[in-house]
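Remarks on the structure that follows.
Just so it is clear, none of the values below were taken in a lab; they were calculated from the coordinates. Computed from a predicted structure; not experimentally measured. Cβ sites come from the backbone with ideal geometry, for glycine too, and all protein chains shown count toward neighbours.
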Amino acid sequence: KNQVEQSPQSLIILEGKNCTLQCNYTVSPFSNLRWYKQDTGRGPVSLTIMTFSENTKSNGRYTATLDADTKQSSLHITASQLSDSASYICVVSDGHGSSNTGKLIFGQGTTLQVKP
Amino acid sequence: NAGVTQTPKFQVLKTGQSMTLQCAQDMNHEYMSWYRQDPGMRLRLIHYSVGAGITDQGEVPNGYNVSRSTTEDFPLRLLSAAPSQTSVYFCASSYSGRVIYGYTFGSGTRLTVV
């Protein structure tokens, strides 16, 4: 069964500190992996998209890594800010379907709280 | 450029009532979809459309209908609301259904069925 598991479920850090969020997946065949940020009461906003051949991608203070062999991804946040407080969702696409219209499999998300 | 617009933002329904959640995008995206998000749970796909006139079921389609008469609009209809449909609903669109393209989400509709 295709699944995406994220850890930890929640995390509290102090402003200015770094943190790393984890995502493990059992999706086959794999197409790509995305990280989204979801602020409270808002829709998810894309941070990064990585395909099989990419093992790292950055977006400002956000750096995502992908190990397709171990089926793991991480999202590293550098020098956290209060505005980073949000839920971070890992989403994996499978490679099924015509015209690569694969299905998105969502993780449950990690809730990050950055305190002053 | 408004992106994906969802209306209403909040709605309270009585059990058995029907209503339509609206979703419109102005990016000329072919692919549109509806998700629901329950507290502490992952987003689940309700219905999706790969273009005008084409719709298909997702993971949790029961109790919901959709239609796609134009590229811009993708309304979600609740036929007879039930308390189990209390959730936050998100509409998302993409340039095409090809997974390499990013998805743009609306800001959500919070629905309570009493």
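Could you please let me know if B:Tyr64 is in contact (Cβ under 8 Å) with a residue 24 or more places away in the chain and within 10 Å of B:Ile46 (Cβ to Cβ)? Yes. In a residue-by-residue description of the range B:73-89, the property of being within 13 Å of chain A (Cβ to nearest Cβ), in contact with a Gly (Cβ under 9 Å, 6 or more places away or on another chain) and on the phi < 0 side of the Ramachandran plot applies to at least one position.
Filtering the range B:1-10 down to residues that are outside any loop (DSSP other than H, G, I, E, B) and of a type outside the set (Val, Ile, Thr), which residue is nearest to B:Pro75 (Cα to Cα)? Among residues in the range B:1-10 that are outside any loop (DSSP other than H, G, I, E, B) and of a type outside the set (Val, Ile, Thr), the one nearest to B:Pro75 (Cα to Cα) is B:Gln6. Within the range B:11-46, the set of residues being touching a residue at least 24 places away in the same chain (Cβ under 8 Å), more than 10 Å from chain A (Cβ to nearest Cβ), not acidic (Asp, Glu) and not in a strand (DSSP E or B) comprises B:Lys14, B:Thr15, B:Gly16, B:Gln17, B:Ser18, B:Met27, B:Asn28, B:His29. Summed over the range A:11-35, residues that are part of a strand (DSSP E or B), touching a residue at least 60 places away in the same chain (Cβ under 8 Å) and of a type in the set (Val, Ile, Thr) total 2. Examine the range A:93-108 for a residue that is away from chain B (no Cβ under 11 Å) and assigned to a loop (DSSP other than H, G, I, E, B), and state whether such a residue exists. No: zero hits.
Checked against (1) more than 11 Å from every other protein chain (Cβ to nearest Cβ); (2) at negative phi, A:Gln6 passes all but a single condition, namely (1). Checking each residue in the range B:83-103 for being under 22 Å from B:Met41 (Cβ atoms) and touching a strand residue (DSSP E or B) at 6+ places or on another chain (Cβ under 6 Å) picks out B:Pro83, B:Gln85, B:Thr86, B:Ser87, B:Val88, B:Tyr89, B:Phe90, B:Cys91, B:Ala92, B:Tyr103.
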